[in-house]
Amino acid sequence: MTTQRMPALFLGHGSPMNVLEDNHYTQAWRHLGETLPRPKAIVVVSAHWFTKGTGVTAMETPKTIHDFGGFPQALYDTHYPAPGSPELAQQLVDLLAPVPVMQDKEAWGFDHGSWGVLIKMYPNADIPMVQLSIDSTKPAAWHFEMGRKLATLRDQGIMLIASGNVVHNLRTARWHGENTPYPWAESFNQYVKDNLTWLGPVAEHPLVNFLDHEGGSLSNPTPDHYLPLLYVLGAWDGKEPITLPVDGIEMGSLSMLSVQIG
């Protein structure tokens, strides 16, 4: 019996309020959960676990992390009790070698970049899941290569989900009223879409060299929300279809673009 190859997803997660809201972004995530092949397990790469070195959650019952402030109590009362998988964590340690991967058995869990989208895709929280951290000390090409290593998991029934925002500048965000995207945000979001299927050496990939774009640094004052995309692009075989489950820019400078590989 052959295992169906799992898709790889990059989901623009946006505000934690999406957990409580029903909008066209959350509806798109829900639709993915209802229509994609059901994975045996999930590996999540979230912008919100940005570390020195690489870590993986390796506990049986990861906690739900509410890594935000100033939101309604209902958000803090929401939990996502998906089971962990120490076995999958060990598999990642072996797969990613010689990159050293620290097995975290108590400190982290599932932050809102991961559970905030998965609670819409798989509300029953019944699929084993581990979260892989993003090494803040490494260049963009390194993260793309990590995605290449993770690609083999897709043939084992394991889904790769990365979560961030390709435009993420909260300092320029229009918090009230006006929601028109800044021209630089719209331009960079389009640049990402235009280069998703680029083929060539990793070092020359336009999306690896995203800061070369005139709107790159303004769209990403820090790289944490952008880098998860590269894990998904690295997991592409160069032939599979690449589709956009949902797109949009909120608050002028927060891209909700989602990308599906396969």
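The values are calculated or read from the model by the stated rules, or taken from the named source; none is laboratory data. The structure presented is a predicted model; accordingly, all values stated were derived computationally and were not measured. Don't worry about glycine lacking a Cβ; one is built from the backbone with ideal geometry, like all the others, and counts go over all protein chains shown. Note: accessible area is taken over every heavy atom of the protein model, side chains too, but ligands, DNA and RNA are not part of it. Shrake-Rupley method; radii C 1.70, N 1.55, O 1.52, S 1.80 Å.
The table below lists the values:
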{"item": "Listed candidates (i) 32, 23, 15; (ii) 25, 23, 18; (iii) 39, 20, 17 - label of the one calculated as semi-axes √(5λ) of the Cα gyration tensor in Å", "result": "(ii)"}
{"item": "Chain lengthening between residue 240 and residue 124 when straightened (0.36 nm per residue, less Cα-Cα)", "result": "38.8 nm"}
{"item": "Of the chymotrypsin sites (Phe, Trp or Tyr not before Pro) in the range 51-118, those whose Cβ has at most 16 other Cβ within 10 Å and which sit in DSSP loop", "result": "68"}
{"item": "Share antiparallel - DSSP beta bridges, the chain, percent rounded to 5", "result": "30 percent"}
{"item": "Estimated FRET transfer efficiency when R0 is 22 angstrom, pair residue 171-residue 17 (beta carbons, to 0.05)", "result": "0.70"}
{"item": "Most to least packed among 253-260, 130-137 [average Cβ atoms within 10 Å]", "result": "253-260, 130-137"}
{"item": "Largest-first principal axis extents, alpha carbons of the range 13-128, Å", "result": "42, 35, 21"}
{"item": "Neighbourhood net charge (14 Å Cβ-Cβ; Lys/Arg +1, Asp/Glu -1) for residue 40", "result": "0"}
{"item": "Gaussian network model of the chain, springs between alpha carbon atoms under 10 Å - residue of 12, 116, 33 with greatest fluctuation", "result": "33"}
{"item": "Sequence of 79, 225, 48 from largest to smallest accessible area, 1.4 Å probe", "result": "79, 48, 225"}
